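The structure under discussion appears below in the form of structure tokens.
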């Protein structure tokens, strides 16, 4: 009787173990696109030769990254579908920036990531000088005008001023925190002697208020006619603010 009882106990234990082995434990929930993009933005680099963005899985985003493996773990946890969608977004911007760079279709291409701003002058005879402004330089500045980067062309006229300062106020929710781009053209100079310049601003992710200074070859007190064209469809991706 004891043997039968012992056998029943053994069978019950084996049965419970079998049930536990057959249970499919829930896997960790996959991150959504916005969450994965927030991770991927840390791995975006700029090719200054081809004017393209690319995902660099080996990029170290912080000093701690060189001591731990957390960056690689975060990257490997990205959903492949989300990674592919992110790369497609970048590819569309790369096509535009690469074409304009090779054809010298614009005077400057400004490429922005969350940690870098790169200005490439593609026309040596541009009538405009464009340079990056440091954040400390904007402390005493105030916004005098704004162009909305939307689905229609915005225009702005500024007269008799030697240089212009602009800052880009990005709305990452409008472009899903992935890739974005817009084109700025301006006619600069005096009446009857205005020259055309154009700048492609493009980026991936969110950079806090990148700022730039525009100055003209023609000297002081020139007129500026700006026009802004959004390349991200009908989304309101940013404001281009003019400072004084």
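The values are calculated or read from the model by the stated rules, or taken from the named source; none is laboratory data. None of these values were measured; they are calculated from a predicted model. No Cβ is skipped: glycine too gets one built from the backbone with ideal geometry, and neighbour counts run over all protein chains shown.
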Item to check | Where residue 7 falls short, out of the listed (1) modelled with pLDDT of 95 or more; (2) surrounded by fewer than 11 Cβ atoms within 10 Å (Cβ to Cβ) | outcome: (1)
Checklist entry - Of all residues in the range 187-197, which are crowded, with 20+ Cβ neighbours inside 10 Å and more than 10 Å from residue 223 (Cα to Cα)? => result 197
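Would you mind listing the strands (runs of 3 or more DSSP E) fully within the range 44-145 where at least 2 residues are in contact with a helix residue (DSSP H, G or I) (Cβ under 8 Å, 6 or more places away or on another chain), surrounded by 14 or more Cβ atoms within 10 Å (Cβ to Cβ) and modelled with pLDDT of 95 or more? Steps first, please.
On the way: elements: 44-47, 52-55, 108-112, 117-121, 128-133.
Ranges flagged: 52-55, 108-112.
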Next on the checklist: Consider the range 230-241. How many of its residues are at pLDDT below 95 and either assigned to a strand (DSSP E or B) or buried (at least 16 other Cβ atoms within 10 Å of the Cβ) (or both)?
Outcome noted: 4
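Condition check: at pLDDT below 85, under 17 Å from residue 86 (Cβ atoms) and assigned to a loop (DSSP other than H, G, I, E, B). Does residue 30 satisfy that? Lay out the reasoning, then the answer.
Values: at pLDDT below 85: yes; under 17 Å from residue 86 (Cβ atoms): yes; assigned to a loop (DSSP other than H, G, I, E, B): yes.
Criteria met by residue 30.
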